Amino acid sequence: MLLTGGQVSMAISSTIVFTFTSLLFLSGYVLQQKTLHSLQAAIKPRLPKPLTAPTPSIAPLNLNVKWARPVGGRPSSDADFDQYISEQTIDWSRLGYVQLVKEHVEVCSAMMLFGDLYRLRSPAKRVLLFPRAWLEGATGEVVDPYLRTSRRLLRMAARRYGVVLMPMEPIIEGADNSLPSSYSLASLFSLVDYERIIHLSSPGLLLDASPLDSLLAFSESEPVAALPANAERKELLTSLLLIHPSAENYSRLRELRSTQPMTDLDLFRKSFPVPDSLLSSWSMSLGNLFYESTSLRNSIEGFNSTIFTEATAYVRLSDPELPGPEYDVPYYDRVRIRPKNEEARFVWEKLYETFRQRRMEICGLDLETWSSPVLQAETMADESGTVAEESQVADEIVKQAQDL
């Protein structure tokens with residue numbers, strides 16, 4: 001039977017309508033499933049993996065700073081430890097990571113840490129302490145470009161990463177609120193709404209949040225727990241601080257700080273006994289909870305870059321010869337101090353390059369300009385010579401004018 005032109009046209013139209021309707025339905029279904037998975041991930045965040053005892057198959061890394069254990073007594077067997085973990089109730093609204101910034105150059109580094117915590121799906125709260133003076137005249141025109149950038153980053157941190165912004169006052173009442181020295185890590189103890197908080201020295205890169213989450217979740221609340229300088233001297237350091245905030249300790253620290261000028265490190269060493277609960281003999285083969293980039297330059301033969309990256313939680317980028325990873329250091333200055341070990345050199349250079357990329361991705365900032373002291377001295381010498389030559393030429397012109 002032959003079909004008329006109208007029937008053919010109707011069949012083609014029906015086929016087209018059915019095809020596009022089916023495609024529209026399928027695309028809507030896929031989009032719905034993606035949205036559903038995103039909502040499920042947001043409602044049920046990733047829980048940290050408990051720190052388990054090492055197995056004989058894990059070889060020691062021979063690194064300077066060792067892994068940490070939960071603060072307090074540790075069960076003697078894996079079965080007891082599993083029971084201990086199952087009995088814990090974790091209230092993530094009372095646990096958090098805190099960064100304290102005193103200068104504008106520190107804001108981006110703090111935001112990068114929060115960005116890494118967000119990317120690694122840490123369920124703990126994120127808090128940023130900053131000088132209240134930065135909010136003064138917030139509705140008017142901002143003249144200082146650094147302040148304008150800091151305010152932009154603060155707003156972005158709150159909006160993008162859910163950071164709780166907490167303005168802070170100088171540690172001593174009446175101190176100059178424009179000076180970084182007027183603020184102190186003692187302000188961490190004022191966050192009494194939190195049971196335990198972790199503060200990490202910046203700038204640095206977070207490679208794995210799970211060990212730090214475990215430290216927050218499965219630790220007992222002590223006033224301060226920190227990494228000592230080494231096992232022999234056992235001097236408290238402020239590189240990694242696990243703090244139980246309290247109004248009593250905050251008042252005591254403020255009172256002690258008002259008696260005489262001192263650094264945060266001296267203040268903490270005078271106020272708290274040396275904690276050793278973050279050191280553990282059984283954890284020597286687990287890796288690094290906190291690591292200094294300077295130690296890469298002392299790496300021994302056999303250093304493995306892959307194992308280091310997989311077994312390290314946080315690396316602070318701090319080399320005394322460099323101003324910091326925020327600055328664009330000439331290549332020959334970096335070559336002069338980079339690690340001699342090839343594997344360690346690869347990790348060291350990759351960390352600095354990753355920091356540069358993350359700084360651009362998260363903060364939208366390029367590296368700050370910087371010149372080495374040698375170059376600055378040469379520049380000053382050149383400028384001095386130029387000034388002397390110009391002065392000599394000017395004297396000759398004056399002499400010629402007098403002769404005329």
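Just a few scattered comments:
- For segment 143-216: rounded, prolate or oblate by the Cα gyration tensor [a/c cutoff 1.5]: oblate
- S181 exposes around 80 Å² of accessible area when a 1.4 Å probe is run over every protein chain in place.
- Accessible-area composition of segment 154-198, carbon plus sulfur, in percent [1.4 Å probe]: 52
- In this structure segment 148-192 gives 48 Å² per residue of accessible area when probed at 1.4 Å with all protein chains present.
- Along segment 332-337 the Karplus relation, 6.51 cos²θ - 1.76 cosθ + 1.60 evaluated at θ = phi - 60°, assigns HN-Hα couplings of 5, 6, 6, 4, 5, 10 Hz to successive residues, with x for each Gly and Pro.
The values are calculated or read from the model by the stated rules, or taken from the named source; none is laboratory data. These figures come from a predicted structure and were not determined experimentally. The protein model used for the area step is the full one, side chains on, heavy atoms only, and it has no ligands, DNA or RNA in it. Shrake-Rupley method; radii C 1.70, N 1.55, O 1.52, S 1.80 Å.
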